[in-house]
Amino acid sequence: MKNDVDRLTAELQEYENFVNDLRNSAENHTADWIKGLIDKVSRTQHASIAVSNHEFLLVKHGLRGNHSFENPPSQLSTPHNELDGDEGSPISSIGSLNAIDRVEEDLNRTKHTRATGYMGKSSEISWMQRLQREAEQRARGNPGALDSTTDEEDAASDRFSLHALNYHLDDLEISVAEPVQRYSMPSRQLAHRLFDEYLKTVHPFFPIISKPLFRAQFQTFFDSSGRYSAARPSNKWLAILNTIFAIAAKHAHLIHAPWRGEENDHLVYLARARQLSMNGEVLFSHPDLQQVQVEGLIAFYLLTSDQINRAWRISALAVRSAITLGINLKIDTPKTPNVAKEARYRVWWCLYSFEHMLGIMTGRAIYSLDGGYATPLPLPFEEEQLQEDPEAVKLLNDPASREEQISILMASTGIRQAGNKDDVQKCRSRDRTWLTNMPSNSGLCYLYYCDLTVITQEIVNKVFSTNAVSLMWSEIEARLDELLARVDLWHSNLPAALDFTQEEADDNPDQLRYKLFLAFHYYGARITLGRPCLCRRDAGLSNATQTFSHMMAVIALNSASAMLDLIPDEPNVMQLYKLCPWWCVLRYLMQAATVILLELSFGSVHMPEEELKLVKLSKKCIRWFHAMSERSIGSRRAWQLCDSIFRKLASGMKYNTDDIPSKPQQRQFIDEESSSGNVNFFGPAIPSEQRSYFNINEEDTSIFGPRPPTEEDIWTNYFNLPTPDFMPSVQGHSHHSHIPDDTYFPYDPLGEDFMRSLFPSSEEENRDLPN
């Protein structure tokens, strides 16, 4: 059936093109008559194809039959199932896609509205807006969603504005009050702790720097700090280092690490980075690779601080800087070593995946990610393996093998490669045994993360963009079906070592981080995919469970449930921030909580038999947000929003609220050693001796291992830097040798008090120094 529809569509398009050619050569009145005829035929053809596509989807998913299914009655006591504006809409204004091409409030009105900015339909904050209206009606015992335009009191209170439902912190300042000495550094011990923390918890999922190169530079920098003739890094290198410190310091405070610094030290590190690399003079200069890294890292820090709107702006700057340097394209010049090419490819994918995350969080369009790149997917190896593993070396040096063994095997192939129309079935049939049997490593995890990111971005481009406004709903369904197949293919292609649906008792902390990172991203993608269908439209249909929209809504709800199953029922914030993607886990949990609360507000029309389970999951989210609020202002705002909405729903639907916290969390300072370690993120709790690795031992995961000999160390050329003459000092062979040049650190001219200000004495630590 599908092939026949495609063939007829192509033939009709040829006839239409022929008649259009006649119209262009005809007189005015004849041309107008032809245009009217074409428009009339096109509307009929459009509707016919839409019906055929819809029938095809029903048959494909086994939803068309001679029997009908009735939803069991909900336990709710309010007339929630009366149809509202979602009913029967033929175009893509159903569910979360309503008014996708319009802004419904003046975002320039106040500093609070400007801090939040526009939030589109893929954003959970936009979903929260609909949820708030639904909850208000449930509390009043009324059906449908509240129309604030007809309720003067509610319109005046501004309770449904985007900024009132925003749990992010863009309305808070990120500056420090006192002057900051930009060349100051933390103690060597703290610096090593921070750098180690960053490389362990962030770098595997955001490899924007070269770990081997930067590690060697970092070591050299501190080893030579006592000599005036020490290596002099550039302002941009110091900005990268300070931003790394800021990100790691943020995490140290979240896990209450006993070695953490002062309360707001991350803001001090950020202030130094801004002075070193984001001042007016630099912003008006042409970018280089280090500037791209600085901008990307600062944007990442802003995300960790819940400064989403600010992160959005800086991330866009980083993407533009990268495109200026051609990092979004394949590099063919023989002058650039292959390992340097791979490093730049990873820089691009860091920016791509990060920009995508911000875009889907804010619901804003990202046109630079829509076909504007040709960068190969990253290789599935650790950075250190690229010169050691024979298979890695082969793929690094042979683009054809790389294409055959990696690129065309990924689920996103048909999306990434222009002109490649491979369908999902063809992609599924390819042999990828060697890839799926690879041992777990950060490079393999990052490859599959990038692959899924491309598919999720296609969801945004095809479903949540303004290009979908004029499409028939059945066409939207067809797009959803194709994208669902891509997402499912991605999951079926996962290597066994990364399959988060399979529990392994011997998973080490790194493997568990990889699995959780991919699991949150996968379930988040499925929630986004099914959200347009999560509405009250199916409530009055006797065969509601036979519709494709109903199936997609259930997928979204099941994915939200599966996401919440990744974390234990009893909150353990310490382990959450140690093992999960701590910089965005709040957003994922809010995404799951919002769709579950939406389903309850609709009267559980899609899963009435699971209503009690949905109530329990809602309470689980609220308890987790409450526990997280002790360490995070954003989590406290999320708790306040979800708690308030659930209590409104409970008042109209007779739910019990006695078992959820009612008072804000009090700040407690608990060192990481005091946290219980026996938590199973993939199922029921099991004895601690089986999962003792949840107690992460810092000494056992030290980043600073043995360094390679000088003659084998190509990492100094990772970004086309010349090989230094003082590499023996990096290896510790000579602690007193003179450093003849500074080529290891491209640098800017600095004042004579440079090295003294880098490492002030304890008496000078807190004293302001002249610039």
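The values are calculated or read from the model by the stated rules, or taken from the named source; none is laboratory data. Since the structure is predicted, the reported quantities are computational estimates derived from the model, not experimental observations. Here the Cβ positions follow ideal geometry from the backbone for every residue, glycine too, while neighbour counts run over all protein chains shown.
Just one residue in the set Arg537, Arg531 is at pLDDT below 95, under 25 Å from Met357 (Cβ atoms) and buried (at least 24 other Cβ atoms within 10 Å of the Cβ); that residue is Arg531. Across the stretch 370-379, not a single residue is classified as of a type in the set (Phe, Trp, Tyr), closer than 28 Å to Ile314 by Cα and in contact with a Gly (Cβ under 9 Å, 6 or more places away or on another chain).
Taken residue by residue, the stretch 283-303 has at least one member that is touching a residue at least 60 places away in the same chain (Cβ under 8 Å), within 30 Å of Arg102 (Cβ to Cβ), crowded, with 18+ Cβ neighbours inside 10 Å and under 15 Å from the mean Cα position of the chain (by Cα).
Checking each residue in the stretch 490-506 for being part of a helix (DSSP H, G or I) and surrounded by 21 or more Cβ atoms within 10 Å (Cβ to Cβ) picks out Trp490, Leu498. Determine whether Pro179 is crowded, with 21+ Cβ neighbours inside 10 Å and over 23 Å from the mean Cα position of the chain (by Cα). It is false that Pro179 is crowded, with 21+ Cβ neighbours inside 10 Å and over 23 Å from the mean Cα position of the chain (by Cα). Of the residues screened, Leu241 is not one that is crowded, with 22+ Cβ neighbours inside 10 Å and over 14 Å from Met185 (Cα atoms). Pick from the stretch 187-212 the residues that are buried (at least 20 other Cβ atoms within 10 Å of the Cβ) and not in a helix (DSSP H, G or I): which of them is nearest to the chain's Cα centre (by Cα)? Looking at residues that are buried (at least 20 other Cβ atoms within 10 Å of the Cβ) and not in a helix (DSSP H, G or I), I get Phe206.
Glu355 meets all of the listed conditions (1) in a helix (DSSP H, G or I); (2) over 14 Å from the mean Cα position of the chain (by Cα); (3) among the acidic types (Asp, Glu) but one, namely (2). Could you please let me know if Ala316 is surrounded by fewer than 20 Cβ atoms within 10 Å (Cβ to Cβ), within 30 Å of Arg402 (Cβ to Cβ) and within 19 Å of the chain's Cα centre (by Cα)? In short, yes. Here Pro608 fulfils each of the conditions (1) more than 24 Å from Phe500 (Cβ to Cβ); (2) modelled with pLDDT of 95 or more apart from (2).
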